[in-house]
Amino acid sequence: MSPRIAAVTMVYNEPEFLPLWLRHYGRLVGPAHCHVIDHGSDDGSTTLLGGANRLRLPRSPQDDARRARFVSRFCAGLLEWYDWVLYSDVDELLIPDPRLYPDLAALCARVQADVVSAVGFNLHHLPGEPALDLSRPLGGQRRWVRFTGAMCKPLLIRRAVNWAPGFHGADAAVAFAPLYLIHLRWFDRDLGLKRLAKTRVMPWADDEAAPWQRAPDEAFEALFSVFATMPREDVVDFSLGAPPIAEALAALQATGVVGRAPYPFDLDFNIDALWPLPPRLRRALP
């Protein structure tokens, strides 16, 4: 029997990102197995979910520790009904390697670990690339990614876990599989600025938390300029056991000695180069 898999996210007013999330995970696990935790959205973006499930919560100040506790318990409850549960933020897309697995269920049927970490990348909008057309597949519009340790998250589980704030760590050993996380924070300049305008003004439980979510537009745009100057390397293989992914994961895990608990390695570790996302992964983007 094929493993039963649920997909979970938590949102507040995400009119651009939530349809992408639903399109992607509806294809991976089926719309009826997608669970959207709605943290007080008031813009209508969670009204029509195409068969996905919505759990409505009252709006409150953003509190990442509280969110991690709630999602950990919610996903543990879903494991009463599902064999596997994945959680991702609404701007994170998990892709099992299509060269090895026809679908996510095939990966889940073969992995040995109870908690699976993804290999994480930021997808970048570079000079010369037009603004995204969200009605068209992303993979035909963006191709350059950057390996980033903060996105190597333990997001696929078959036992209850306690996630750390930001979901960058959990009470489980790190176990990577041919599962890739594509993070969309940097995939379009204008959409990024629009989302930053929302997170900058919404209430936060801790005034010191997540400063990158409340940065001025100038700081956000300056990072786009930094990414544009990074070398673009001709990478042809994204297999976990081959260069450059193998070296990147080894270097990331070596930072565990300086990783700050409860995170398993240094979240500031990145590869300062851009790699082209292989066509097989680009085709898997929504």
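Each value in this text was obtained by applying a stated rule to the coordinates, not by laboratory testing. As the structure is a prediction and not an experimental result, all values here were calculated from the model. Counting neighbours? That spans all protein chains shown, and the Cβs are built from the backbone with ideal geometry, glycine included.
Counting pairs of Cα atoms in the range 142-286, how many percent are more than 28 Å apart?
Details: 2693 of 10440 pairs.
Cα-Cα pairs of the range 142-286 separated by over 28 Å account for 26 percent.
Based on the Kirkwood radius over alpha-carbon pairs, what is the Stokes-Einstein translational diffusion coefficient of the chain at 25 °C with 0.890 mPa s viscosity, in µm²/s?
On the way: Rh = 19.3 Å.
Roughly 127 µm²/s, to the nearest whole number.
Take the Cα of Ala251, step 7 Å along the line toward its Cβ, and report every residue of the range 132-174 whose backbone nitrogen sits under 18 Å from that point.
So the set is 145-153.
What percent do you get for the relative contact order of the range 127-286 when only Cα pairs under 8 Å and 6+ apart count?
38 percent
Mind grabbing the base-10 log of I(q)/I(0) for the range 1-81 at q = 0.12, 0.13, 0.22 Å⁻¹? Debye formula, identical points on the C-alpha positions, no solvent, two decimal places.
-0.34, -0.40, -1.10
Going by how many other beta carbons lie within 10 Å of each one, how would you line up Glu233, Glu208, fewest first?
Glu208, Glu233
In nm, to one decimal, how far is the Asp114 label point from the Arg280 one, both placed 7 Å along Cα→Cβ?
Reported label-point gap for Asp114 and Arg280 is 3.1 nm.
Label-point separation (nm) for Glu129 and Val201, each offset 7 Å from Cα along Cα-to-Cβ?
Those two pseudo-labels are separated by 2.8 nm.
Per the Debye formula with a single identical scatterer at each Cα and no solvent contribution, what log10 I(q)/I(0) holds for the range 85-164 at q = 0.13, 0.18, 0.26 Å⁻¹?
Here the Debye-derived log intensity ratios amount to -0.52, -0.91, -1.37.
Multiplying the sequence separation of Asp234 and Ala222 by 0.36 nm and subtracting their Cα-Cα distance, what value in nm do you get?
Details: separation 12, 0.36 × 12 = 4.32 nm, distance 2.52 nm.
The span from Asp234 to Ala222 would gain 1.8 nm if fully extended.
Modelling each spin label as a point 7 Å along the Cα-to-Cβ direction, I'd like the Asp42/Arg99 distance in nm, to one decimal.
In this crude label model, Asp42 to Arg99 measures out at 4.9 nm.
Compute the distance from the alpha-carbon center of the range 1-49 to that of the range 106-154, in whole Å.
17 Å
What is the chain's relative contact order, in percent, from Cα pairs under 8 angstrom and six or more apart in sequence?
With pairs under 8 Å counted, the relative contact order is 21 percent.
With 10 angstrom as the radius, rank Val235, Val201, Val116 by how many other C-beta atoms surround their C-beta, starting from the fewest.
On the way: Val235 18, Val201 8, Val116 26.
If I rank by nearby Cβ atoms, fewest first, I get Val201, Val235, Val116.
To check my understanding: the extent here is largest minus smallest coordinate of the Cα atoms along each principal axis. What are those three numbers for the range 184-241, in Å, largest first?
Reported extents, whole Å, longest axis first: 44, 26, 18.
Could you work out the Kirkwood radius for the range 43-91, taking every pair of different alpha carbons, averaging 1/r and inverting it, reported in Å?
On the way: mean 1/r = 0.0775 Å⁻¹.
In the range 43-91 this quantity evaluates to 12.9 Å.
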